[in-house]
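Undergrad: Below is a structure I'd like to ask you about.
Just so you know, all these numbers are worked out from the coordinates, no wet-lab data involved. Not measured: the values here are computed from a predicted model. We place every Cβ from the backbone using ideal geometry, glycine too, and count neighbours over all the protein chains shown.
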Amino acid sequence: MRPADLAFRSIGELGALLRSGEVTSAGLTDYFLGRLETVGRPLNAVSAIMADSARQEAALADAQLARGLDRGPLHGIPYGLKDIIAVPGAPTTWGAVPFSGQVLNYEAAVGERLRNAGAVLLGKLATVELAGGMGYADPDASLTGPALNPWDTRTWTGGSSSGPAAATAAGAVPFSIGSDTGGSIVMPAAWTGITGLRATHGRVSRHGAMALSWSFDRLGPMCRSAADCGLVLEAIAGHDPRDPSSLREPYRYRGRPARRDNFRIGVVTGSPDGVQDEVQANFESAVAIFRELGTVEEVELPDFPYAEVADIIMTAEIGAAFDEFLDAGRASELTAAKAHAHRLAALALPARDYLRAQRIRRHIFAALDDLARPFDALAAPMLGTVATPADRSFAGLLSSSYPQLVNLASVITGMPAISVPTGRGRDGLPTAVQLLGARLGENRLLDAASALEARTGWLGQRPPGFLDDEAA
Amino acid sequence: MPVTSAAGVPGPAGGVPDPNAGLPGSGAGRERLQAADRPIPAPAPAAEIAAQTTRLVTLCHGAELSAADQGELERTVLAQVEAALVLRRYPLLNSDEPMLGAGPEAGWAL
């Protein structure tokens with residue numbers, strides 16, 4: 001098998017090759033370690049490559065398969081973790097200069113679960129500094145520089161899970177784990193043409209991941225298909241007593257009848273207004289596909305102060321999570337000029353306002369749950385534009401758009417959301433739809449997303465110049 | 001301890017008059033003083049609140065901020081004050097509890 005045939009294979013395809021003996025985990029690991037070095041690093045997507053431990057894990061995976069021990073679909077499959085997730089013996093820099101020497105000698109739950117599932121950790125992938133929590137307005141707010149978008153390296157990936165997005169989109173890892181507080185999985189997934197899943201709050205333990213905003217933070221898979229997201233979520237989901245927010249409800253992606261049609265989709269009225277023409281056209285094409293696959297109805301997003309609620313809660317929680325850091329004046333060491341004083345504002349946020357936001361949040365949750373429950377998914381464009389230049393500020397681009405309000409509705413309520421590519425927009429860059437589901441409705445979302453992917457033809461598309469034979 | 005209503009007005013406590021009624025510090029006293037001695041001020045404009053708050057934050061923080069950082073802080077505080085004012089216009093009942101988190105402890109059974 002030519003190595004170039006491996007870079008963009010799905011998890012299922014790589015697993016089949018492993019079990020047929022056509023490749024070994026050691027071979028896959030060496031191949032993707034090379035891709036991380038030659039493809040990932042130039043994209044500023046890599047924080048640390050862990051070649052020695054990866055090769056040990058791969059050798060173990062091969063030995064286990066040889067003696068008949070199969071840990072499931074991720075057995076022997078390489079992957080990368082966003083660098084806010086602790087791995088013993090490796091740097092965990094949180095993407096920030098003040099933490100560039102940090103080593104956390106404990107294992108995050110998500111890495112532990114993936115190791116138990118037989119997956120092979122290749123390394124840590126880049127993040128916007130402190131997952132963007134201190135504020136930033138420029139793509140270069142990262143220890144590793146601006147993560148470049150494989151679809152056009154003059155553009156940015158979006159943040160804050162920028163390394164996972166770039167590496168997964170470029171075929172430098174088969175899948176990755178990102179984190180999301182206000183859109184940090186789904187937004188870079190949209191701009192890089194991959195599929196990012198922000199599962200129900202509490203599905204995935206955050207133990208060992210940098211806390212930013214406790215009541216919003218989520219970890220989740222960033223993959224090249226919805227099916228891959230389902231396989232990864234199944235491996236990482238589950239209760240963890242070390243994370244009190246983690247859910248007790250079990251999650252299974254496999255072993256159930258997957259749906260391919262008869263979906264009921266609610267299109268959020270007005271959500272495509274004001275987005276780029278190509279984003280709108282691709283969104284309408286996606287809606288047309290759903291119409292052929294079932295029923296589509298218009299739904300109104302309930303009128304709530306989504307942006308204000310999200311801002312107040314994040315300000316209070318981020319200010320608390322980083323109180324010692326802020327008190328010590330260390331925010332001035334961060335790369336983003338905006339970050340130097342931005343979160344000091346938390347010092348002036350009355351508890352009453354934080355609690356008021358959380359009280360309104362309960363109303364939002366009740367209204368959104370009522371709205372979403374009858375549907376397989378609520379649909380809106382994920383972002384109003386395609387990726388923006390890597391050397392320019394994106395300030396003000398996202399906050400005022402209607403798609404961002406839909407995203408915030410999911411952020412605030414903890415409902416699951418998935419970003420699914422819809423096609424190519426301006427300058428050939430990817431566009432995406434966000435699908436929101438009711439609490440614990442991941443499989444309904446994933447089935448709808450898979451059905452959409454099968455019809456758009458996106459799964460066969462690759463960023464130009466990122467296959468080995470093209471590069472040669 | 002006098003029994004007071006939610007509005008701070010002394011209520012019947014076994015028919016015993018509140019000995020502190022009318023004095024500063026008790027509910028009725030506060031209300032009377034506010035009404036009689038100084039008018040309740042109208043809310044300051046958000047920009048004024050933000051400017052004063054920014055000075056306080058800078059004072060509390062203790063570190064010297066550059067002019068640019070000071071400007072960023074003031075813009076952020078202003079946005080925060082405006083957001084809080086938006087939230088205060090949203091009607092809530094006294095019994096509306098906060099949703100502290102979206103996990104299992106947060107009232108998912110709604």
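Undergrad: Would you kindly state how much longer the chain becomes between B:ARG88 and B:ARG55 on full extension, computed as 0.36 nm times their sequence separation minus their alpha carbon distance, in nm to one decimal?
TA: This chain segment gains 9.5 nm when fully extended.
Undergrad: Using modelled amide H (1.01 Å from N, peptide plane; none on Pro or chain starts), what sits under 5 Å from the amide H of A:VAL299, excluding residues fewer than 5 places away?
TA: A:VAL267, A:VAL268, A:THR269
Undergrad: Which ordering of A:ILE236, A:ILE364 is given by a fewest-first count of other beta-carbon atoms within 10 Å?
TA: Result, fewest neighbours first: A:ILE364, A:ILE236.
Undergrad: Right, here's the next one. Which whole-angstrom value gives the distance between the alpha carbon centres of segment A:1-61 and segment A:73-142?
TA: 18
Undergrad: Another one. If you take every residue apart from A:ARG259 with its C-beta less than 9 Å away from the C-beta of A:ARG259, what net charge results, scoring Lys and Arg +1 and Asp and Glu -1?
TA: Summing Lys/Arg as +1 and Asp/Glu as -1 gives -1.
Undergrad: Highest mean first, what order results for A:86-92, B:91-97 on Cβ atoms within 10 Å?
TA: The most tightly packed comes first, giving A:86-92, B:91-97.
Undergrad: For chain A, what class follows from the C-alpha gyration tensor (a ≥ b ≥ c being the square roots of its eigenvalues): rounded when a/c is under 1.5, otherwise prolate if a/b is larger than b/c, else oblate?
TA: Rounded is the answer for chain A, as its axis ratio a/c remains below 1.5.
Undergrad: Can you give the calculated 222 nm mean residue ellipticity of the protein assembly as shown, where each DSSP H run of n ≥ 4 adds -39,500 (n - 2.57) and the sum is split over every residue, rounded to the nearest 500 deg cm²/dmol?
TA: So the calculated ellipticity at 222 nm is -11500 deg cm²/dmol.
Undergrad: Treating the beta-carbon of each Lys and Arg as +1 and of each Asp and Glu as -1, no other charges, what is the dipole magnitude of the protein assembly as shown about its Cα centre, to the nearest 20 debye?
TA: 900
Undergrad: To the nearest whole number, what is the average tally of beta carbon atoms from other chains within 10 Å of the beta carbons of peptide A:311-324?
TA: Taking the mean over all residues of the peptide, I get 2.
Undergrad: Could you give the distance between the Cα centres of segment A:170-206 and segment A:259-287, to the whole Å?
TA: 21
Undergrad: Another question, if that's okay. Provide A:VAL46, A:VAL433, B:VAL86 in ascending order of the number of other Cβ atoms located within 10 Å of each residue's Cβ, fewest first.
TA: Ranking A:VAL46, A:VAL433, B:VAL86 by Cβ neighbours within 10 Å, fewest first, gives B:VAL86, A:VAL46, A:VAL433.
Undergrad: Another question about this same structure. Counting other C-beta atoms within 10 Å, which of A:LYS82, A:LYS124 has the fewest, and how do the rest follow?
TA: Least to most surrounded, the residues fall as A:LYS124, A:LYS82.
Undergrad: Take peptide A:332-342, look around each residue's Cβ out to 10 angstrom, count Cβ atoms belonging to other protein chains, and average those counts.
TA: 4
Undergrad: Looking only at other chains, what is the average number of their beta-carbon atoms within 10 angstrom of each beta-carbon in B:62-68?
TA: Taking the mean over all residues of the peptide, I get 4.
Undergrad: So the label point goes 7 Å from the Cα of A:GLU324 along Cα→C-beta, right? Which residues of segment A:213-234 then have their backbone N under 18 Å from it?
TA: Only A:213-214 pass the distance filter.
Undergrad: Using R₀ = 30 Å, calculate the FRET efficiency as 1/(1 + (r/R₀)^6) where r is the Cβ-Cβ separation of A:GLN56 and A:ASP5; round to 0.05.
TA: Efficiency, from the Cβ-Cβ distance: 0.70.
Undergrad: Moving on. Quote the relative contact order of chain A in percent (integer), defining contacts as alpha-carbon pairs under 8 Å separated by 6+ residues.
TA: Relative contact order, chain A: 18 percent.
Undergrad: Still on this structure, I have one more. What's the center-to-center distance, using Cα atoms, between segment B:51-93 and segment A:318-390 in Å?
TA: About 15 Å separates the Cα centre of segment B:51-93 from the one of segment A:318-390.
Undergrad: Only four residue types carry charge here, +1 at the Cβ of Lys and Arg and -1 at the Cβ of Asp and Glu. Report the dipole size of segment A:33-119 about the Cα centre in Debye, rounded to the nearest 20.
TA: My answer is approximately 120 debye.
Undergrad: Among B:61-70, A:114-123, A:410-419, how do they line up from the highest to the lowest mean number of other beta-carbon atoms within 10 Å?
TA: A:410-419, A:114-123, B:61-70
Undergrad: Using r as the Cβ-Cβ distance of A:ALA66 and A:HIS239, and R0 as 22 Å, what FRET efficiency do you calculate, to the nearest 0.05?
TA: The formula returns an efficiency of 0.10 here.
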